[in-house]
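Pasting a structure here, questions to come.
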Amino acid sequence: MKRQVTLTVVAAVCAVAFASRAGAQAAATPAAGPIVFHASGISWADGPPSLPRGAQFALLEGNPAEAVPLTLRLKLPPNYRIPPHWHAVLEHVTVLSGTLNAWAGSDGVVFQLHSVGPWSITYVNAKDDPRQARP
């Protein structure tokens, strides 16, 4: 009997501690709920002008021009190449299908990018930037 009471008290203390911690975390977490996308429902658009033609993208969260969390997907056709470049912000890239180097593999690639804006791309050679006017 004494053991059962002790276990009950320990369980109650753990429950209260867990509830307090969960409440504190909930208060620190933004009120927005989860963001769920089904792959078949994603709307793809032509890639941004900062990438060579042929890319497609889908903005899932955020605004690339603002300092907010950003999630987007990029779809690159087979053997697509992005010239050497860098980004001013940290990016996390998850390859969903295909192969990604600085170029797409023979099957193309679909990947998801997570970052915090503003997002930008700077090409090592300015002449490789597709936003530059061509003579």
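The values are calculated or read from the model by the stated rules, or taken from the named source; none is laboratory data. Just so you know, these numbers come straight off a predicted model, no measurement behind them. Every residue, glycine among them, receives a Cβ derived from its backbone with ideal geometry; neighbour counts consider all protein chains shown.
Looking only at region 124-135, decide whether some residue is in a strand (DSSP E or B), among the polar types (S, T, N, Q) and more than 19 Å from the chain's Cα centre (by Cα).
The answer is no; no qualifying residue exists.
Moving to a separate point now. Could you please find all residues in region 80-134 being free of Cβ contacts under 8 Å to residues at least 24 places away in the same chain and under 23 Å from Pro69 (Cβ atoms)?
Scanning region 80-134 gives His92, Val93, Thr94, Val95, Leu96.
Looking only at region 94-104, count how many residues are surrounded by fewer than 16 Cβ atoms within 10 Å (Cβ to Cβ) and either part of a strand (DSSP E or B) or outside the structural domain of Trp44 (by TED's automatic domain parsing) (or both).
6
In region 77-85, is there at least one residue being among the hydrophobic types (A, V, I, L, M, F, W, C) and either at pLDDT below 95 or not in a loop (DSSP other than H, G, I, E, B) (or both)?
No, every residue in region 77-85 fails to be among the hydrophobic types (A, V, I, L, M, F, W, C) and either at pLDDT below 95 or not in a loop (DSSP other than H, G, I, E, B) (or both).
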